[in-house]
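Accompanying notes for the structure given below.
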Amino acid sequence: MPTYGNEPESGGRGRDVALAGVILLFALGAAYLPPTTQERISAALQVSALRPFIGMQSLLTDAGARRVRVDALQATVDSLSSAMSTHQSVADENRTLRALLGLRERAGPMYRPATVNRPGTPGSESTFLVSVGTRDGVRAGAPVVSPEGLVGVIREARISNSVGIDWTHPDFRPSAMLADGSAYGLVESRRGAFREEDRLVLNGIPYHEEVDSGQAVLTSGFGGIFPRGIPIGTVLSVAEEEGTWRKAYFLRPIAEPAGATHVLVLASGAGDDASGLWEPDTLGVPPEADEEP
Amino acid sequence: MNELDFRSVVVWIVVVVLFVVHFVLHIGLSYGRGAPDLLTLGLLIAARETSLGRAAVLGLFTGLLEDAMSVLAFGANSIAMTIVAVGGAITQDLFVGDSKYFLPAYVFAGKWVRDLAHWVSVGSEVRQPFVEQVVVQGTIGSLYIAAIALLMSRVLGAWGEV
């Protein structure tokens with residue numbers, strides 16, 4: 001290591017130490033700033049220093065989406081089908097977009113299509129950016145859905161994009177019900193020893209309520225955040241019992257957050273009932289189960 | 001331009017390139033954990049090139065940049081990066097650093113301290129288990145950027161002899 005510059009003067013050194021101390025205190029205080037101030041700082045940095053990198057990610061995502069634009073694929077799908085079969089990831093994305101289009105047609109114009117970007121920086125786990133914001137009618141608390149079901153919820157809406165959290169976030173707690181309406185509870189994320197062990201749990205189910213494995217769990221519409229009827233997952237097994245009055249069940253999430261690249265975000269005024277938007281087979285319920293005997 | 005000035009310019013160019021490549025890999029290309037933490041590497045190098053106060057400012061700024069993408073625990077990266085920057089600047093007084101083993105050891109320790117400080121400041125509700133985040137991932141991440149630092153110093157014609 002070579003020599004470094006001249007030794008600073010003692011007065012300068014003192015000022016330097018004081019400055020470092022102030023900065024350190026500010027860094028410690030940053031965690032305790034009001035959430036609105038934190039969001040302002042984040043937003044300011046995202047539209048300034050980080051803008052080229054976020055823009056780059058959006059460009060790459062858009063480029064990926066353009067590759068599989070449904071209208072273009074409609075015209076060439078036959079001739080490309082053999083080639084597509086060798087590109088599994090592109091085919092999967094195409095399938096997602098088609099399913100999303102089908103869902104959007106059923107859902108109507110208040111469900112805004114959006115692409116999902118994931119920051120990939122430390123501390124940004126369980127969060128994502130979507131390409132719609134307040135100018136599209138999206139507000140904080142808006143549900144984010146995929147053709148499979150509920151992916152997450154918008155945490156912070158900005159003009160042209162929004163920050164969302166997926167079901168692995170500790171704050172993700174939709175009120176839920178079994179698909180047949182026989183029991184109501186609260187779905188919450190349960191952290192595992194490793195991220196791969198993160199689980200969804202349906203909590204607050206009455207002890208004597210019989211819940212079979214495989215039953216679909218939907219949003220109940222209570223609380224006014226999530227419309228009723230969005231699929232969340234299916235029951236796996238009993239997670240815990242408390243006395244003889246409450247049970248909790250592990251759920252198999254119906255939507256994989258990491259695989260969600262294109263989603264729909266509910267704009268304000270989208271209504272409070274989403275029942276019927278998802279096909280019965282999506283919910284793990286055979287279609288004939290709904291038919292009259 | 002004398003030798004010291006030239007060396008300083010080269011080091012700062014390397015630092016800026018590391019910062020840019022870090023955000024391209026982590027945000028632009030969304031590589032996440034697969035990409036090395038070049039921001040910490042750049043900060044550790046920069047911290048030994050500047051004064052304590054300026055290093056702290058740089059640490060806070062880089063920490064805020066990472067916190068801007070973090071809804072879960074705003075401030076955790078700011079604390080961690082400022083501590084690392086201040087610690088790195090203090091090592092100027094403690095180590096001359098002319099050994100060929102100094103840079104990888106310094107970078108390894110700096111990155112590990114950064115992960116430890118982040119784990120402590122991120123809050124119990126959000127953080128991963130200590131063994132996973134600090135012991136396993138922290139050590140692997142530290143070895144990763146220590147290897148990059150070693151490679152970089154060789155490519156640049158040995159650390160400090162540019």
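Quick note: the coordinates plus some simple rules give every number you see, no bench work behind them. Remember, it's a predicted structure, so these values are computed and weren't measured experimentally. Because the Cβ atoms are built from the backbone with ideal geometry, glycine has one as well, and the counts that use them run over all protein chains shown.
Modelled this way, with points 7 Å down the Cα-to-C-beta line, the labels at A:Leu33 and A:Ser268 are 2.5 nm from one another.
Going by C-beta contacts inside 10 Å, put B:Lys100, A:Lys247, B:Lys111 in order with the fewest on the left. Can you show the working numbers first?
Working: B:Lys100 13, A:Lys247 21, B:Lys111 26.
Ascending number of Cβ neighbours within 10 Å: B:Lys100, A:Lys247, B:Lys111.
Helices in chain B that qualify as membrane-span-like (whole DSSP H runs, Cα extent of at least 18 Å along the helix axis, mean Kyte-Doolittle hydropathy of 0.0 or higher) are B:3-23, B:52-67, B:76-94, B:102-121, B:139-155.
Starting from the Cα gyration tensor of chain B, multiply each eigenvalue by 5, take the square root, and state the resulting semi-axes largest first in whole Å. If you can, show how the numbers build up before the last one.
Details: eigenvalues 134, 51, 49 Å².
Each semi-axis is √(5λ); the values are 26, 16, 16 Å.
Each residue of the stretch A:46-59 was assigned a 3J(HN,Hα) from its phi angle through the Karplus expression (A = 6.51, B = -1.76, C = 1.60, θ = phi - 60°), giving 5, 8, 10, 5, 8, 4, x, 6, 5, x, 5, 5, 4, 4 Hz with x at Gly and Pro. Set the Förster distance to 45 Å, then compute FRET efficiency between A:Asp212 and B:Ala147 from the Cβ-Cβ distance, nearest 0.05. So the FRET efficiency works out to roughly 0.30.
Just rank A:Phe26, B:Phe108, fewest to most, by other beta-carbon atoms within 10 angstrom.
Taking fewest neighbouring Cβ atoms as first place, the list is A:Phe26, B:Phe108.
Database remark: amide H of A:Val151 closer than 5 angstrom to the amide H of A:Val144, A:Val145, A:Ser146 (H placed geometrically; neighbours at sequence offset of 5 or more, or on other chains; Pro and chain starts carry no H).
At 1.002 mPa s and 20 °C, plugging the Kirkwood radius over alpha-carbon pairs of the stretch A:15-61 into Stokes-Einstein gives what diffusion coefficient in µm²/s? Write down the numbers at each step before the final one.
Working: Rh = 12.7 Å.
D, rounded to a whole number, is 168 µm²/s.
Our analysis of the stretch B:1-71 gives Rg over Rh at 1.03, with the two radii drawn from alpha carbon positions and Rh computed by the Kirkwood formula.
A:Arg158: net charge of surrounding residues, Cβ under 13 Å, Lys/Arg +1, Asp/Glu -1, itself excluded? Mind showing how you got there, number by number?
Working: positive: A:Arg40, A:Arg51, A:Arg135, A:Arg139, A:Arg155; negative: A:Glu39, A:Asp136, A:Glu156.
Neighbourhood net charge equals +2.
Going from the residue with the fewest nearby Cβ atoms within 10 Å to the one with the most, B:His26, A:His262 rank A:His262, B:His26.
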